[in-house]
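The values are calculated or read from the model by the stated rules, or taken from the named source; none is laboratory data. Keep in mind the model is a prediction, meaning the values are calculated, not measured. When we count neighbours, we look across all protein chains shown, and the Cβ atoms used for this are built from the backbone with ideal geometry, even at glycine. Heads up: the accessible areas ignore ligands, DNA and RNA and are worked out on the full protein's heavy atoms, side chains in. Shrake-Rupley method; radii C 1.70, N 1.55, O 1.52, S 1.80 Å.
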Amino acid sequence: MSKFFGKSAVLVSVQSEFDIENFESIDELEELCKTLGIVAVDKVIQRRNKADPVFYLGIGKLKTVREYCQHNRIDLLVVDDELTPVQQRNIEEFMRIKTVDRTQVILEIFSKHATTAEGKLQVEMARLVYELPRLRGKGLELSNQGGGIGTRGPGEKVLELDRRRIKNRINSLKKELIKLKANRDNIRKSRVESGYYIVSIAGYTNAGKSTLLSSLSGEKNILVSDKLFSTLNPTIRRVSLPGGRIVLFSDTVGFIRKLPHTLIEAFHSTLEEILYSDIILMLVDISDPCYKNKIVSSYRVLEEIGVFNKETILVFNKVDLVPSDYLESVRIEYPDAIFISAKLGIGIENLLERISQYTHNSDIYARIKFRYSEKGNILKFSEFIDIDVLVENDGYCVYDICGPEKIVEKILKSIDFVKEGDVR
Ligand SMILES: Nc1nc2c(ncn2[C@@H]2O[C@H](COP(=O)(O)OP(=O)(O)OP(=O)(O)O)[C@@H](O)[C@H]2O)c(=O)[nH]1
Ligand SMILES: [Mg+2]
């Protein structure tokens, strides 16, 4: 259970005149809060060009919020952006209730949902990087007792010690994560070298990525939940395409608007799974009225992790939740997209067909003539390539094979070929 569970909160957001996205941003913040069990009692949006550097909201607005909170026994203020350490301190002193920002909310969700050793370390790292410039409290209070300007009070020393401790911990976490990354890189390298096609399912949190992986692979054991950020670390499964060819699918951490930088950095090695795939499925929840903005911010995250010029298929999910005329209008607007319901299994064949098309376009072909005794060495790749048997007798075989470049190359290198005239 999160430490904020059951708290009633007011959510505040600053929205500039030009920023149409922010209305949705606060609704999204409400969803994030719900994931932690926080009850959003009210949402306040202030229109101004920029957040106030001292109090985030204008002081007049903040006063109104303070009165509201006092009258309604609100115990938490949640701010829709990352606050500077100064803003956070000022707001808390002024409001006299706990104040958390969007980054803290997301960090808290991540820390609740991290299950793997790597995920836990990644979250701890992100949290410490966030907390380091915000250290205060005991240390600072003590330092006020410590003499006049220019002298370092006892509190400052405590603060300095805390800082050093956190920096040391960050450094040792970095080292541990580098080790884990090396391990992950090796596994990934052997996966990439194996030559199998890898499809990654990317997209906004809650778009239905894990549901899709579960439905494609037939595996029930994949965590699906209406909570945000249920999946943090990558899950990889084998999926067979029409015709029986096996490709690998990976599902990983979801995206969100204003994904905190500390998290992008900490989760970089996890997000890199997307970077090393052959095809990206960009999954979008069609039933979400803000899906267009979510598409934009998902592509932004892809850019941020360095994905350029990669085959990306836009896939609209949850078609079962929208009326058919609405669905039609989206189809017309996005003629190249695929429309599915991962939950009900609608449109899955089209999706697999599209992936098959891609794999066929990337496949390479070879006609090979080899001794019958070599047959087993070819058939062990049969899940990942297409084989057309042209000749097969006790002496030799002639096959047309087509498949991923690396696998076909591997076969060409390892097989003892029969030259013309060797066998009849
Ligand atoms: N109606 C409907 N609900 C769906 C569909 N696909 C997924 N859902 C629901 O959407 C919610 C989120 O699904 P997940 O598969 O956990 O989403 P995700 O993209 O993996 O989310 P994170 O791991 O949190 O990023 C769950 O409640 C699913 O049951 C669908 O096609 N139709
Ligand atoms: Mg998931």
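Quick look at the values:
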item: Cα-based helix-to-principal-axis angle, 22-35 vs the chain, degrees rounded to 10; result: 80 degrees
item: Residues Y276 and V389, FRET efficiency given R0 of 25 Å [Cβ-Cβ distance, rounded to 0.05]; result: 0.15
item: Pairs from K120/K174; K7/K50; K369/K406; K220/K343 whose Cα-Cα separation, in the structure shown, is over 21 Å; result: K7/K50
item: Value in Å of the Kirkwood radius, where region 196-360 supplies the Cα pairs that are averaged; result: 15.9 Å
item: The chain: angle of helix 291-304 to the longest principal axis, Cα-based, in degrees nearest 10; result: 80 degrees
item: Heavy-atom accessible area per residue - the chain, 1.4 Å, Å²; result: 50 Å²
item: Which of P335, P323, L283, positive extreme of dipole for region 269-424 (C-beta unit charges); result: L283
item: Translational diffusion of region 232-320, µm² s⁻¹ [Kirkwood Rh, Cα pairs; Stokes-Einstein; 20 °C; 1.002 mPa s]; result: 150 µm²/s
item: Calculated log₁₀ intensity ratio I(q)/I(0) where the Debye formula runs over C-alpha points of region 363-414, q = 0.17 Å⁻¹; result: -0.43
item: Farthest toward positive dipole pole in the chain [+1 Lys/Arg, -1 Asp/Glu at C-beta], among N171, T262, N350; result: N171
item: Dipole of the chain, positive end: most advanced residue of V10, I26, N233 [Cβ charges, Cα centre]; result: V10
item: Length added when fully stretched, K34-R300, from 0.36 nm per residue minus Cα-Cα; result: 93.2 nm
item: Full-extension gain in nm, L223 to Y326, via 0.36 nm per residue minus C-alpha separation; result: 34.1 nm
item: Degrees, to the nearest 10: 117-131 long Cα axis against longest axis of the chain; result: 30 degrees
item: Length released on extending from I346 to I246, taking residue separation times 0.36 nm less the Cα-Cα span; result: 33.9 nm
item: Stokes-Einstein D for the chain, Kirkwood Rh over Cα pairs, 25 °C, 0.890 mPa s (µm²/s); result: 99 µm²/s
item: Theoretical FRET efficiency, 1/(1+(r/R0)^6), r = Cβ-Cβ of Y68 and N171, R0 60 Å, to 0.05; result: 0.85
item: Inter-probe distance in nm under a simple model that places probes 7 Å from Cα toward Cβ, at R354 and F417; result: 3.8 nm
item: Viscosity 0.692 mPa s, temperature 37 °C, Stokes-Einstein D of region 8-107 from Kirkwood C-alpha radius, µm²/s; result: 247 µm²/s
item: The chain - charge dipole about Cα centre, Lys and Arg +1 at Cβ, Asp and Glu -1, debye rounded to 20; result: 2020 debye
item: Distance histogram for region 289-424 (every C-alpha pair counted, 5 angstrom bins, percent rounded to whole numbers); result: 2, 8, 14, 14, 11, 10, 9, 8, 8, 7, 5, 3, 1, 0
item: Hydrodynamic radius of region 218-257 per Kirkwood, over alpha carbon pairs, in Å; result: 11.9 Å
